[in-house]
Amino acid sequence: MTHQPRKRFGQNFLHDPSVIARIHAAIAAQPGERLVEIGPGQGAITAGLLTAAGALDVIELDRDLIEPLRQRFGSNTLRIHNSDALQFDLRTLVSAGERLRVIGNLPYNISTPLMFHFLDQADSIIDLHLMLQKEVVERIVAAPGNKVYGRLSIMVQSRCQASCLFRIGAGAFTPTPKVESAFLRLRPLQPLPYPIDNPELHFRLVAAAFGQRRKTLRNSLAEFVTPAHFAATEIDPKLRAENLDVESYARLANAVNATELAI
Ligand SMILES: C[S@@+](CC[C@H](N)C(=O)[O-])C[C@H]1O[C@@H](n2cnc3c(N)ncnc32)[C@H](O)[C@@H]1O
């Protein structure tokens, strides 16, 4: 019986061979590399990954897709995990010192939490190649001054080098989604160029700045940042949220954290 795509699992299956070929070329998997694909679906991307790397782990939530995947690829080289990727600890797949390459045409309804779930395990990851809604990718890779530069840009770029590789029209998928897509590459930065001492405080500070993005930082961050913090970090309090780069948010949050600790 053919599988009816399920909306609740965000199932839009890739069918365009030229797009699939571009995805494989961008990933350029090598024999013996440890790859994990999130949401293999019917195996559109999986087949080429398996040929290139020789073996592969996949994490698929929809129970009804497991047996067809087994029948298509066998289970010697394709290790299938019928699990929720949001709950999956990637570190269980690797031994000490090994790192994974993560690939996924993600269900768009959970793509941002999934991405952060993986970034929390960045020490086990070489890189991530993710298909996401085009607007989300644009926000992730945006630079200061860009109108879509915001929380998501800073939270991802604080931890990764992020690049938009190419866009994909809705017609490449069945059923056709309402949105366009883009293919994103993330490379976790290790060590972090601007380590953040207190991630929770950093998150709140960035959220406060962009929560009132038209105000100057002096006003939007009054709850956290004193004139002394601005002076110590040499950040102009008359700037607005969108003018401050990723490093400056890290320095400002670290300065606030240091004085909170001193109190
Ligand atoms: C957009 S489809 C992509 C399918 C396939 N990779 C392709 O490109 O044709 C997303 C896939 O993720 C699966 N999925 C949805 N939620 C998931 C979750 N929480 N954990 C793992 N897989 C999930 C869906 O069942 C579906 O197979």
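Send over the per residue convex hull volume for the stretch 56-173, Cα only, as a whole number of Å³.
Residue-normalised Cα hull volume stands at 127 Å³.
Cut-off 20 Å, label point 7 angstrom out along Cα-to-Cβ of THR2: give me the residues of the stretch 64-86 whose amide nitrogen falls inside.
Zone members listed by number: 64-73.
Not counting the cut sites, what is the longest span of the chain without GluC sites (Glu not before Pro) that DSSP labels loop and that have at most 14 other Cβ atoms within 10 Å?
99-222
Output the direction-averaged projected area (hull surface divided by four) of the convex hull of the alpha-carbon atoms of the stretch 16-91, in nm².
Its Cα hull, projected and averaged over all orientations, spans 5.1 nm².
Leaving out ligands, DNA and RNA but keeping every protein chain, what accessible area does HIS15 have, in Å² rounded to the nearest 10, with a 1.4 Å probe?
90 Å²
So what is log10(I(q)/I(0)) for the stretch 61-104 at q = 0.21, 0.26, 0.27, 0.29 1/Å, when the Debye sum runs over its Cα atoms only?
Once normalised to I(0) and log-transformed, intensities are -0.87, -1.10, -1.12, -1.15.
Taking 2.2 N^0.38 Å as the expected size of a compact globular protein, what ratio does the Cα radius of gyration of the chain give against it, to two decimals?
Computed over Cα atoms of the chain, the ratio equals 1.13.
Share of the stretch 1-53's accessible area from carbon and sulfur, percent, 1.4 Å?
57 percent
Per-residue accessible area for ARG167 at 1.4 Å probe radius, Å² rounded to 10?
140 Å²
Can you pull the semi-axes for the stretch 162-263, root of five times each eigenvalue of the Cα gyration tensor, sorted largest first, whole Å?
So the three semi-axes of the stretch 162-263 are 35, 17, 12 Å.
Working with all protein chains in place, sort ILE126, ILE168 by solvent-accessible area computed with a 1.4 Å probe, largest first.
The ranking, largest first, comes out as ILE126, ILE168.
Quick one: of the DSSP bridges fully inside the stretch 7-188, what percent are antiparallel, nearest 5?
Percentage antiparallel, nearest 5: 50.
Count of lysine pairs in the chain with Cα atoms under 17 Å apart, counting only pairs 8 or more residues apart in sequence or on different chains?
5
Per the Debye formula with a single identical scatterer at each Cα and no solvent contribution, what log10 I(q)/I(0) holds for the stretch 93-234 at q = 0.09, 0.15, 0.19 Å⁻¹?
Those come out to -0.34, -0.85, -1.18, one per q.
Charges on Cβ only, +1 for Lys and Arg, -1 for Asp and Glu, centred on the Cα centroid of the stretch 199-262; of GLN212, THR233, ASN257, which one is farthest towards the dipole's positive end?
GLN212
Per residue, how many Å² of accessible area does the chain show with a 1.4 Å probe?
49 Å²
Could you work out [θ]222 nm for the chain from helices alone, using -39500 (n - 2.57) per DSSP H run of at least four and dividing by all its residues? Round to the nearest 500 deg cm²/dmol.
-10000 deg cm²/dmol, from helical runs alone.
Once neighbouring chains are kept in place and the probe is 1.4 Å, which whole percent of the accessible area of the stretch 104-263 is contributed by carbon and sulfur?
52 percent
The values are calculated or read from the model by the stated rules, or taken from the named source; none is laboratory data. Note that the coordinates shown come from a computational prediction; the quantities given were computed from them, not determined experimentally. For neighbour counting, all protein chains shown are included, and Cβ atoms are generated from backbone atoms with ideal geometry for every residue, glycine included. Accessible surface is based on the protein model in full, side chains and every heavy atom, while ligands, DNA and RNA are left aside. Shrake-Rupley method; radii C 1.70, N 1.55, O 1.52, S 1.80 Å.
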